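The structure appears below as structure tokens.
The values are calculated or read from the model by the stated rules, or taken from the named source; none is laboratory data. Bear in mind that the values here come from a model prediction, so they are computed numbers and not experimental data. Glycine also receives a Cβ, built like all others from the backbone with ideal geometry; neighbour counts cover every protein chain displayed. We work out accessible area using only protein heavy atoms, side chains counted, and drop any ligands, DNA or RNA first. Shrake-Rupley method; radii C 1.70, N 1.55, O 1.52, S 1.80 Å.
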Amino acid sequence: MRVTFATEPGSSTIDNEDFVSATADLAVVLDGVTPMNRDDTGCRHGVAWYARTLGADLVRLAGQDAVSLADCLAEAIVRTRDAHAGTCDLAHPDSPAATVAAARVRGNRLDYLVLADSAVVLDIGDEVQVVIDHRAGQVGRRLSANGARPTAAQVRSHRNRPDGYWVAAERPDSAYEAIVGAVETTGLRRLMVASDGATRLVDTFGTVDWRGALDALQDSGPRAWIEATRAAERADAEADASTRRVRGKVHDDASVVFFGFSSS
Ligand SMILES: [Zn+2]
């Protein structure tokens, strides 16, 4: 089994708000949600602290084989919440939050969990399974369908609501809204766990498909994959300047873990 990973901030002036951890049997990637106003979140610690603290708690808890990833995430949310409930206003609508993607190997089984827009991609030989939670994007599209492009505040008002989308924030029940599943490791060739900043070559630019992404990670490694993403973002930003298209941030924090199983 080969395990490699890389993470890179999208900005040289803001802390990397992704968290990544990888061992021979566990991959965890969190992506701290960018607040609308960094000075108005109700939290004195910040998004990078939130992602780091929640990620570390999740890694620790996921060491208990008998406990499901969703239960581990729920308990990690409680621990992280309790670590700053005394100092911060966790009822603030823009309190720190994170997307979560995790995969854990136990014996001949791999469990995965995806909450909000990160990805787990499994190469099972003839088939590539892509696990992505599209609910935040669906909220945005639903609001746009009724007229003008929705504001960030309109989308955010659907956070952690039954008709909206779910992220890890202060409510442990959001862990049970994650997409979870399991596959047998027999026949599993490759695995990718990534924040959305590291899936743009596939889902934003369409440069390669998911199998092509796994090929690139296997052949050239995660660092080269993120460098290729940055190059595509720079080229797109130049095109944007001339056509006045808008695609949000030029660069996003990008993190990716790659597992190559011994059969590959
Ligand atoms: Zn705080």
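In table form, for the structure just shown:
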quantity: Some residue of the stretch 118-135 being open to solvent by 10 Å² or more (accessible area, probe 1.4 Å) and under 20 Å from Arg52 (Cα atoms); calculated: no
quantity: Condition met for Gly10 (open to solvent by less than 50 Å² (accessible area, probe 1.4 Å), among the small types (Gly, Ala, Ser), more than 16 Å from the ligand (Cβ to nearest atom) and within 15 Å of the chain's Cα centre (by Cα)); calculated: yes
quantity: Flag if Ala48 is under 25 Å from His158 (Cα atoms), in a strand (DSSP E or B) and of a type in the set (Gly, Ala, Ser); calculated: no
quantity: Check on Thr53, crowded, with 19+ Cβ neighbours inside 10 Å and at negative phi; calculated: yes
quantity: Breaking point among (1) open to solvent by less than 10 Å² (accessible area, probe 1.4 Å); (2) under 22 Å from Leu69 (Cβ atoms); (3) of a type in the set (S, T, N, Q), for Asn108; calculated: (1)
quantity: Flag if Ala97 is touching a helix residue (DSSP H, G or I) at 6+ places or on another chain (Cβ under 9 Å), within 16 Å of the ligand (Cβ to nearest atom) and open to solvent by less than 40 Å² (accessible area, probe 1.4 Å); calculated: yes
quantity: Test for Gly86: is it open to solvent by 60 Å² or more (accessible area, probe 1.4 Å) and within 13 Å of the ligand (Cβ to nearest atom); calculated: yes
quantity: Any pair with Cβ under 6 angstrom, 6 or more apart, that starts in the stretch 48-77 at a residue that is within 23 Å of Asn16 (Cβ to Cβ) and ends at one that is hydroxyl-bearing (Ser, Thr, Tyr) and more than 16 Å from the ligand (Cβ to nearest atom); calculated: Val59/Ser21
quantity: Among residues of the stretch 132-165, those that are touching a residue at least 40 places away in the same chain (Cβ under 8 Å) and in a helix (DSSP H, G or I), counted; calculated: 3
quantity: Selected residue [acidic (Asp, Glu), within 30 Å of Val130 (Cα to Cα) and either touching a Cys at 6+ places or on another chain (Cβ under 9 Å) or away from the ligand (no atom under 12 Å from the Cβ) (or both)] from Asp18, Asp39; calculated: Asp18
quantity: Filter result for Asp123 (under 17 Å from Ala136 (Cβ atoms), away from the ligand (no atom under 16 Å from the Cβ) and of a type in the set (D, E, K, R)); calculated: no
quantity: Answer residue from the stretch 13-28, given it is farther than 15 Å from Thr53 by Cβ and touching a Phe, Trp or Tyr at 6+ places or on another chain (Cβ under 8 Å) and is surrounded by the fewest Cβ atoms within 10 Å (Cβ to Cβ) among those; calculated: Ala22
quantity: The stretch 177-212, subset within 23 Å of Glu17 (Cα to Cα) and part of a helix (DSSP H, G or I), residue most open to solvent (accessible area, probe 1.4 Å); calculated: Asp203
quantity: Search result, residues across the stretch 234-249 that are modelled with pLDDT of 85 or more and either within 12 Å of Arg200 (Cα to Cα) or crowded, with 17+ Cβ neighbours inside 10 Å (or both); calculated: Asp236
quantity: Any pair with Cβ under 8 angstrom, 6 or more apart, that starts in the stretch 215-242 at a residue that is hydroxyl-bearing (Ser, Thr, Tyr) and ends at one that is part of a helix (DSSP H, G or I); calculated: Thr229/Gly197; Thr229/Ala198; Thr229/Arg200; Thr229/Leu201
quantity: Hits in the stretch 219-233 - residues which are touching a strand residue (DSSP E or B) at 6+ places or on another chain (Cβ under 6 Å) and open to solvent by 40 Å² or more (accessible area, probe 1.4 Å); calculated: Arg223
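Conditions tested, residue by residue: (1) over 18 Å from the mean Cα position of the chain (by Cα); (2) closer than 30 Å to Val202 by Cα; (3) within 16 Å of the ligand (Cβ to nearest atom).
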position	(1), (2), (3)
Gly55	no, yes, yes
Ala70	no, yes, no
Arg106	yes, yes, no
Val114	no, yes, no
